[in-house]
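Okay, structure first, notes after.
The values are calculated or read from the model by the stated rules, or taken from the named source; none is laboratory data. Remember, predicted model here, so these are calculated numbers, not experimental data. FYI the Cβ positions are ideal-geometry reconstructions off the backbone, even for glycines, and counts take in every protein chain you see.
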Amino acid sequence: MIKNVLIFSLILTITFFYNAQFATSATFYGLKNAFGGYEDINMKVYERINPAIVYIDADVPNGISSGTGCVIDESGVILTSSHVIDGAKNIIVETSNGEEYKATVLFSKGVEKDLALLKITPKNSLPCVKLGDSSNVKVGQQILAIGNPFGFQGTLTTGIVSRIDYKRNKIQTDAAINPGSSGGPLLNANGEVIGISQSIYNPDNNKSNIGIGFAIPSNTAKDFIKLAKAEKKF
């Protein structure tokens, strides 16, 4: 009798640990697949969009202002933040392949709207970004940001849409946005630009990311571009 009880207990123990191991393996296998999916999206979006992103150095009255830009026309029209180039005497744009060009300002709406269009004359046609519909943006959706933080060109960061500030017309995100990223794209998982990185919240003036960044919605940028075309700026 005792022998049978011991054998039964042993069978139960083995069954328990086998099932626990299987459940754990299944859980981690699922997580592995999920993370693999995110990685695949991140890599594909970056590889497709980064060639359409440029890096900007502007000679402004108080020194050098660095930022990022999105190519919106293959002839060399670039969308960026106006505060990056405001008051600049000389603007140099570097494309993702390392070519440098002197840029001129086509159109700017100043710091309040914080959008500007630049023009360079590239040797060849440039790849362009696609502006998405920011009215479809949802809190919690995955986003990616490409920028030039502190001069580290082609930096990719990821996060989510943390909040939509309807009053100030801003998209808030926890993706790392630092000085030099202004003017760069906030992208959805399809590689569409849903926002233009603008600023970070840094109440202690440390000038570094604390997980609260803001972007101008892409629909605002679309209206800005339409206005520039209406005024025959390009």
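Hey, any hits in the range 154-169 for a residue that's surrounded by 16 or more Cβ atoms within 10 Å (Cβ to Cβ), not β-branched (Val, Ile, Thr) and not in a strand (DSSP E or B)? No; the residues of the range 154-169 include none that is surrounded by 16 or more Cβ atoms within 10 Å (Cβ to Cβ), not β-branched (Val, Ile, Thr) and not in a strand (DSSP E or B). Against the list (1) buried (at least 24 other Cβ atoms within 10 Å of the Cβ); (2) within 10 Å of the chain's Cα centre (by Cα), the condition Asn148 fails is (2). Does Ile143 satisfy the criteria of being in a strand (DSSP E or B), more than 14 Å from the chain's Cα centre (by Cα) and at pLDDT 95 or above? Considered against the rule, which asks whether it is in a strand (DSSP E or B), more than 14 Å from the chain's Cα centre (by Cα) and at pLDDT 95 or above, Ile143 comes out as no. Scanning the range 135-155 for residues that are of a type in the set (Val, Ile, Thr) and farther than 21 Å from Val71 by Cα yields Val137, Val139.
Which of the residues that make up the range 170-180 are touching a Pro at 6+ places or on another chain (Cβ under 8 Å) and at pLDDT 95 or above? The answer is Lys170, Ile171.
Number of residues in the range 158-182 that are farther than 12 Å from Ser199 by Cβ, in contact (Cβ under 8 Å) with a residue 60 or more places away in the chain and either among the polar types (S, T, N, Q) or out of contact with any Phe, Trp or Tyr (no Cβ under 9 Å at 6 or more places or on another chain) (or both) equals 1. Just wondering, is there one or more residues in the range 113-133 that are in a loop (DSSP other than H, G, I, E, B), in the same structural domain as Gln198 (by TED's automatic domain parsing) and either free of Cβ contacts under 8 Å to residues at least 40 places away in the same chain or over 23 Å from Val71 (Cβ atoms) (or both)? No; the residues of the range 113-133 include none that is in a loop (DSSP other than H, G, I, E, B), in the same structural domain as Gln198 (by TED's automatic domain parsing) and either free of Cβ contacts under 8 Å to residues at least 40 places away in the same chain or over 23 Å from Val71 (Cβ atoms) (or both).
Of the residues that make up the range 41-62, is at least one outside any helix (DSSP H, G or I), surrounded by fewer than 22 Cβ atoms within 10 Å (Cβ to Cβ) and free of Cβ contacts under 8 Å to residues at least 24 places away in the same chain? Yes, the range 41-62 has at least one match.
Here Gly69 does not qualify as part of a loop (DSSP other than H, G, I, E, B), under 21 Å from Phe152 (Cα atoms) and of a type outside the set (Ser, Thr, Tyr). Could you tell me whether Ala189 is buried (at least 22 other Cβ atoms within 10 Å of the Cβ), touching a residue at least 40 places away in the same chain (Cβ under 8 Å) and either part of a strand (DSSP E or B) or not aromatic (Phe, Trp, Tyr) (or both)? Spelling it out, it is not the case that Ala189 is buried (at least 22 other Cβ atoms within 10 Å of the Cβ), touching a residue at least 40 places away in the same chain (Cβ under 8 Å) and either part of a strand (DSSP E or B) or not aromatic (Phe, Trp, Tyr) (or both).
Only residues that are within 19 Å of the chain's Cα centre (by Cα), within 17 Å of Ile196 (Cα to Cα) and either assigned to a strand (DSSP E or B) or among the hydrophobic types (A, V, I, L, M, F, W, C) (or both) were counted across the range 74-99, and they come to 4.
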